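Structure record follows, encoded as structure tokens.
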Number of protein chains: 2
Amino acid sequence: MQRLWDRHMALATFGALDQGGVNRPAFSPIDAQARLRVIDWGARIGLLASLDSIGNLFLRRPGTRPELAPVFTGSHLDTQPTGGKFDGAYGVLAGLEMLETFHDAGCETLRDIVLVIWANEEGSRFAPTTMGSSVFAASLSLAQALQAQDEHGERLSEVLPTFLDAHGPLPVALDLIPFAYVEAHIEQGPVLEAEQRALGIVTGIQGLRWFEIEVCGQEAHAGTTPKAARADALHTAVNLAHALFEYFDGIGDEVRFTIGRWRTEPGSPNTVPGRVKFTIDLRHQKAESLAAFSQAIEDRCQAYRGVCEVTIAQLSESPPIEFSESVQHLLDQSAQVWGVPRMVLISGATHDAKWLNAMTPSGMLFVPCEHGISHNQRENTKREDLAAGAQVLAESILRLARQAN
Amino acid sequence: MQRLWDRHMALATFGALDQGGVNRPAFSPIDAQARLRVIDWGARIGLLASLDSIGNLFLRRPGTRPELAPVFTGSHLDTQPTGGKFDGAYGVLAGLEMLETFHDAGCETLRDIVLVIWANEEGSRFAPTTMGSSVFAASLSLAQALQAQDEHGERLSEVLPTFLDAHGPLPVALDLIPFAYVEAHIEQGPVLEAEQRALGIVTGIQGLRWFEIEVCGQEAHAGTTPKAARADALHTAVNLAHALFEYFDGIGDEVRFTIGRWRTEPGSPNTVPGRVKFTIDLRHQKAESLAAFSQAIEDRCQAYRGVCEVTIAQLSESPPIEFSESVQHLLDQSAQVWGVPRMVLISGATHDAKWLNAMTPSGMLFVPCEHGISHNQRENTKREDLAAGAQVLAESILRLARQAN
């Protein structure tokens, strides 16, 4: 338990911020330095490192039958600009803890076990998020990924060679087709803490749609313009948003509705706003419900057209993911073996496991996250929860790696 | 009628913008150049120019009894960054038109008539607005005004000497105590146009209070955070704003309620907002109503405190102004003489006349403003409306300037 905690603290020195958090941008020198530390820890127990073209790093523990497809576990080490010590790092370090335990116990497996550090999960500098895993799963081509530009116009293709070189001379990872993938992660939400469960067995990842609503009226002088002469974009936007909140407040917690960005133009206290734009982040675990709720949003936009114009645009869409039932079952059995209090839950956040799920039976386990706070320097998790999750991960991976078929 | 229109077009070349508007910042070289043109026009009919320390420019037409206090009219020539051709300029050029008419007709008055161009009415670069008239009326000290800083930290005291020098050698304006003040202005609102009246007799200027409402919640992940765990600042702010709009929508047009600025933090589509700040611009012509409506706003802020904190701060206050009844009566009589369709109305915007009203009987007349659009390059007024207003102004000033006491 202490070793796993200490590893988190050691890794958090790479990009440490003054309020306890971490800034470790994907593809940065500090990202590479953190990886070198993990490569070094792995080398002590004989893990074989290799690197692919997008910067995914693989640490392989050989099994007795190298012709069998390897079992994968892992996560990411890059962080948000003001991220925490556990998001991503936990999945990597829980996997390392497991492999050290197997090493110390002299435990053999049929299949190779691969601990993977996916490149650029956060997508903070170079979009999209989960870049490394989506290239690995061929959902995104390497060529497309290399075209990604940061906000200053610098391309990933200019940055990546230096990052890859910083790993030192490593063999190129080739032909790694996983037999299964299990990822451990902090929940990044408050559910496990509230329900007092040490472990969450993740059934899937919510589908997501982003919309932008634009309300167009007419700028006018706040002092001289009577009500009847106003086309107040903010007034209409507030009424519409109020109706949307009222609708979604009446629906259970399986739907997530958030207005996160709201821009008002011209934004002068004594000018009636001529334009408001706001975003909607809509999530649900079922594709048909997502479609129905999207329609409900469109209907309300339609209803509030009048003195102001209201338009709606869908910015992005990500379909819901359902993880392998056999992996969910395996995680549940493993937790039972070790007596870990558990529950099933859906992930509201996206993860690398989303892309792996398209190519191999995949699953995730969550450990609690203090007050549900993540993507924040205050992110925290109890050391006993970290340990319990690692134990369930080890039990599950061991069972998978001992399956001949 | 043509001369008055042509003068507007000529003046609009000083700081002309490409969509028909004007950018003539207060205290700028272009502001001084426009004034030199007016000084030149005035000189042709014998007007005597003088300048005070804040940059108010006075063009005096002597009467037969110089010991009597002079009658004032005028307005301003500085504009908003994307202003129009008529805001301010009209009051100056209507006064000039009047004086040219008196000159051409050989019309004598007992009292001097002073056409004044107030400095920095807009306050766009150096706050406050109506700076020149408030210094003239001793509501603001010259020393305070000179401390004003623009957004780059430059002080008015550094800029003003160059501006004053640009007028050439002019005598210092001293001891000008007006007998009365009448200002002509475009309405900057849609009321006269809607009511099809060529003239508005202004009863006063609405009192104004600015508030800032701040709603504080807790940032959270849009995907992982259930409703019960959210302290969504935007949700609360929308509910509060909706309640405020609902309340003020139920009250007549004598109250003006505007939410003009609205800021949402952090403003990321997939983060539940932790903080929203919005402004309220509240106007009414009665001080006691302004106080009652302010209380109604505070009550609603109180009512929406709960999962989020709601605070309210008053940013500024300007009490209502009632113009001199005798000046209103005079304007009405003058309009009657010339058969100009008229109505009384309150000004929602502030004007230099507000400060003059504190020292001398003052009043304003409004002419229509196309579609109520002002502070905008599209600002427009019909030439016959400009002419009718100038005629009523001339009639009124003539009567005042012929009063011995």
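Taking the criterion of being in a helix (DSSP H, G or I) and open to solvent by less than 10 Å² (accessible area, probe 1.4 Å), would at least one residue in the stretch B:5-21 satisfy it? Break it down into steps so the answer makes sense when it comes.
Of the stretch B:5-21, the ones in a helix (DSSP H, G or I) are B:5-11.
If we keep only those that are open to solvent by less than 10 Å² (accessible area, probe 1.4 Å) too, we end up with B:8, B:11.
Yes, the stretch B:5-21 contains at least one residue that is in a helix (DSSP H, G or I) and open to solvent by less than 10 Å² (accessible area, probe 1.4 Å).
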When residues of the stretch A:187-208 are filtered for being more than 11 Å from chain B (Cβ to nearest Cβ), under 16 Å from the mean Cα position of the chain (by Cα) and open to solvent by 10 Å² or more (accessible area, probe 1.4 Å), how many remain? 1
Would you say A:Pro62 is touching an Asp or Glu at 6+ places or on another chain (Cβ under 7 Å), open to solvent by 30 Å² or more (accessible area, probe 1.4 Å) and more than 30 Å from A:Asn376 (Cα to Cα)? yes
Kindly indicate the residue of the stretch A:146-186 that is at pLDDT below 95 and within 20 Å of the chain's Cα centre (by Cα) and also farthest from A:Pro25 (Cα to Cα) among those meeting that condition. A:Ala148
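State yes or no: is B:Ala34 within 21 Å of the chain's Cα centre (by Cα) and either of a type in the set (Val, Ile, Thr) or assigned to a helix (DSSP H, G or I) (or both)? Lay out the reasoning, then the answer.
Values: within 21 Å of the chain's Cα centre (by Cα): yes; either of a type in the set (Val, Ile, Thr) or assigned to a helix (DSSP H, G or I) (or both): yes.
Answer is yes for this residue.
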Which one of these is touching a residue at least 12 places away in the same chain (Cβ under 8 Å) and closer than 20 Å to B:Pro81 by Cβ: B:Phe126, B:Phe136? B:Phe126
Requiring at least 3 residues that are open to solvent by less than 40 Å² (accessible area, probe 1.4 Å) and assigned by TED's automatic domain parsing to the domain that holds B:Gly20, the helices (runs of 4 or more DSSP H) wholly within the stretch B:73-171 are B:89-105, B:131-136, B:156-165
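For the subset of the stretch B:249-269 comprising residues that are of a type in the set (D, E, K, R) and part of a strand (DSSP E or B), which member is nearest to the other protein chains (Cβ to nearest Cβ)? Steps first, answer last, please.
Step one: list which residues in the stretch B:249-269 are of a type in the set (D, E, K, R), which gives B:249, B:253-254, B:256, B:261, B:263, B:265.
Narrowing further to those that are part of a strand (DSSP E or B): B:256, B:263, B:265.
On the way: B:Arg256: 6, B:Arg263: 8, B:Glu265: 10 Å.
For the stretch B:249-269, the residue satisfying everything is B:Arg256.
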Can you confirm whether the stretch A:217-236 contains a residue that is more than 30 Å from B:Glu317 (Cβ to Cβ), open to solvent by less than 30 Å² (accessible area, probe 1.4 Å) and in contact (Cβ under 8 Å) with a residue 12 or more places away in the chain? no
In this structure, does B:Pro320 turn out to be of a type outside the set (Gly, Ala, Ser) and touching an Asp or Glu at 6+ places or on another chain (Cβ under 8 Å)? no
Output the residues belonging to the stretch A:113-162 that are touching a Pro at 6+ places or on another chain (Cβ under 8 Å), more than 22 Å from A:Leu36 (Cα to Cα) and of a type in the set (S, T, N, Q). A:Ser134
Can you tell me which condition A:Ile54 does not meet? The list is (1) closer than 17 Å to A:Asn120 by Cα; (2) outside any loop (DSSP other than H, G, I, E, B), and all the others hold. (2)
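What residue, among those in the stretch B:332-387 that are of a type in the set (Gly, Ala, Ser) and closer than 19 Å to B:Leu4 by Cβ, is farthest from the chain's Cα centre (by Cα)?
Checked the stretch B:332-387; the qualifying residue farthest from the chain's Cα centre (by Cα) is B:Gly339.
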Residue list for the stretch B:209-244, restricted to those being within 7 Å of chain A (Cβ to nearest Cβ), within 34 Å of the chain's Cα centre (by Cα) and of a type in the set (Lys, Arg): none
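The values are calculated or read from the model by the stated rules, or taken from the named source; none is laboratory data. Being a predicted model, the structure only gives us computed values, none of them experimental. Virtual Cβ from ideal backbone geometry, glycine too; neighbours counted across all protein chains shown. Note: accessible area is taken over every heavy atom of the protein model, side chains too, but ligands, DNA and RNA are not part of it. Shrake-Rupley method; radii C 1.70, N 1.55, O 1.52, S 1.80 Å.
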